[in-house]
Amino acid sequence: MGGWTIGIIGGSGLYAIDGLEEAEWRAVDTPFGAPSDQLLFGRVGAVNIVFLPRHGRGHVIPPSELNARANIYALKAAGVTDVLAISSIGSLQEELEPGRFVIVEQFIDRTTQRNPSFFGRGLVAHVSMAEPVCPRLSGFAAAAVARAGGKLSEGATYLAMEGPQFSSRAESLLYRQWGADVIGMTAMPEARLAREAELPYALIGMVTDYDCWRESEAHVEVSEVIRQMHANGDLARRSVAHFLAALPPERTPSPLDTVLDAALITAPDHRDPALIAKLTPLLARVLGG
């Protein structure tokens, strides 16, 4: 039992947390380099907050250049217990119109240029991604969007593409055939790394456009995405406020807090001490360090 420290990764459209007390930006570094920006520490009521703008303040980092390992490592080292990610997304389904908020349940990862793991030679780990988000956090997030007055859909499958270009029409139509509901450029490997760091993770997606699969629609353009992104921003901030206000006073343990217990496969006498030291915030619990 203990309190909550919520890491909030703000994507396009969410660059601030309303009602944040004792707010302080702190520069941090990690063995994987610098995260996207300084971390903003503070609290809302009894809940400790660590906020990270995913693309940096001013949106200066493109999706393929995001240092997701540094971002998740920095949040873990800062004492975060759970991660709520906010992200702008495109829709691959008619009923998920621009302005709707979507709680993501599954992922299809089509990224190709990003390192998806903290582990490697000398310390191999295989975490399960069968259920890649935390159902408890996702439930809190859905209830928060509803209380904020947002149009809400749950249980979506998110197609993570490399970018930074938008999809071709053939790709967009293919992803619909695969059963994807929404498309974005940032949730992978972010969600994978959160699982390796034993951080329960939930994603609120904010629909900005219909991608390009609708032949009757104009092709997606940045100007339209930005317009809808700003329209979504106020609802996103209200949703985060409701999410934080509704958290129980005590955080009961989650099964995701201990996933590394069943994931490390390298024999103890063959583990690389240098890699173990590099991953100290992630491994301290499981290795007793």
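Points worth noting:
- Among beta bridges from DSSP that stay inside the chain, the antiparallel ones total about 40%.
- Estimated FRET transfer efficiency when R0 is 30 angstrom, pair A46-T258 (beta carbons, to 0.05): 0.75
- Shape call, segment 16-99: gyration tensor on alpha carbons, a/c limit 1.5: oblate
- Among [x] 61, 42, 31; [y] 56, 42, 41; [z] 62, 53, 40, the entry derived from the coordinates for Cα extents along the principal axes in Å: [x]
- Top of Q177, Q93, Q228 by mean-square fluctuation, Gaussian network on the chain, Cα under 10 Å: Q177
- Rounded tilt (10° steps) of 187-196 against the dominant C-alpha axis of the chain: 20 degrees
- Of all DSSP bridge pairs formed entirely within segment 98-185, close to 10 percent run antiparallel.
- Gaussian network model of the chain, Cα within-10 Å springs - most flexible of R100, R238, R227: R227
- Here's the picture: charge each Lys and Arg Cβ at +1 and each Asp and Glu Cβ at -1 in the chain, and of L123, S87, S36 the one pushed furthest to the positive end of that dipole is L123.
- Solvent-accessible area per residue in segment 8-107 equals 36 Å², computed with a 1.4 angstrom probe and all protein chains kept.
- Gyration tensor (alpha-carbon) shape descriptor, segment 180-255, a/c threshold 1.5: oblate
- Relative contact order of the chain, defined on C-alpha pairs under 8 angstrom at six or more residues apart (%): 26 percent
- Looking at segment 2-73 alone, DSSP beta bridges between its own residues are antiparallel in about 60 percent of cases.
- The residues of segment 162-251 have, on average, 41 Å² of accessible surface per residue, using a 1.4 Å probe with all protein chains present.
- For V259, V222, the ranking by accessible surface with the largest value first comes to V222, V259, using a 1.4 Å probe.
- Computed over neighbours whose Cβ is under 10 Å from that of P31, the net charge equals +1, Lys and Arg +1, Asp and Glu -1.
- Taking the accessible area of the chain, probe 1.4 Å, and keeping the other protein chains in place, the carbon and sulfur fraction comes to 53%.
- With Cα atoms, 0 to 90° folded angle of helix 135-147 axis to the chain main axis: 40 degrees
The values are calculated or read from the model by the stated rules, or taken from the named source; none is laboratory data. Just so it is clear, the model here is predicted, and its values are computed rather than measured. Methodologically, a virtual Cβ is constructed for each residue, glycine included, from the backbone with ideal geometry; neighbour enumeration extends over all protein chains shown. All accessible areas refer to the heavy atoms of the entire protein, side chains included, with ligands and DNA or RNA removed. Shrake-Rupley method; radii C 1.70, N 1.55, O 1.52, S 1.80 Å.
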